[in-house]
Amino acid sequence: MNKYEAQVSQFEKTVLNLKEVLDKIPESGENRAVFRDSAIQRFEIAFDLCWKTLKEKLRLGFGIEAASPRKVFREAFKQGLIENETIWVEMTDMCNETSHAYSESFAESVLAKLTDVSNVFGKLLWKLKK
């Protein structure tokens with residue numbers, strides 16, 4: 001297994017872990033915050049693996065070097081690897097914000113977006129595994 005294949009495999013595992021915790025989040029109760037925070041952390045890990053895997057795909061498949069998540073997503077959009085650049089820019093912002101700011105209301109707003117995010121990750125995985 002080469003570096004790129006290993007990255008895709010690891011990205012797939014983190015996406016599955018994210019989906020697993022999202023399926024277990026209770027609507028309310030004392031455990032909700034624990035599951036929510038776990039989902040947010042799993043999103044951060046998946047996001048990091050995602051852009052680094054795409055970076056490697058761009059390098060290997062297209063000869064494109066991109067050093068930051070925004071540049072990677074811009075180039076991936078141009079090459080047809082992702083469908084909607086705006087969603088990926090929003091995810092970049094969301095990931096940056098989760099690292100620097102935290103409140104209950106912010107955490108809940110991030111959580112509300114994570115099911116859609118995990119579906120977007122799933123679509124990308126399908127393309128990367130072709």
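The values are calculated or read from the model by the stated rules, or taken from the named source; none is laboratory data. Just so it is clear, the structure is predicted and the values come from calculations on it, not from any experiment. As a convention, Cβ positions derive from the backbone with ideal geometry for all residues, glycine included, and neighbour counts pool all protein chains shown.
See the values below:
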| quantity | calculated |
| --- | --- |
| Long-range neighbours under 7 Å by Cβ, at least six apart or interchain, first residue among the aromatic types (Phe, Trp, Tyr) within region 57-75, second at pLDDT below 95 and surrounded by 12 or more Cβ atoms within 10 Å (Cβ to Cβ) | Phe73/Glu85; Phe73/Val89 |
| Filter pass, Ser38 being modelled with pLDDT of 95 or more, more than 19 Å from Leu125 (Cα to Cα) and crowded, with 17+ Cβ neighbours inside 10 Å | yes |
| Flag for Val110 being in a helix (DSSP H, G or I) and under 15 Å from Phe121 (Cα atoms) | no |
| Residues located in region 1-32, provided they are farther than 30 Å from Leu58 by Cβ and without any contact (Cβ under 8 Å) to a residue 60 or more places away in the chain | Asp23, Lys24, Pro26, Glu27, Ser28, Gly29, Glu30, Asn31, Arg32 |
| Positions within region 105-130 being touching a residue at least 60 places away in the same chain (Cβ under 8 Å) and surrounded by fewer than 12 Cβ atoms within 10 Å (Cβ to Cβ), in sequence order | Lys129 |
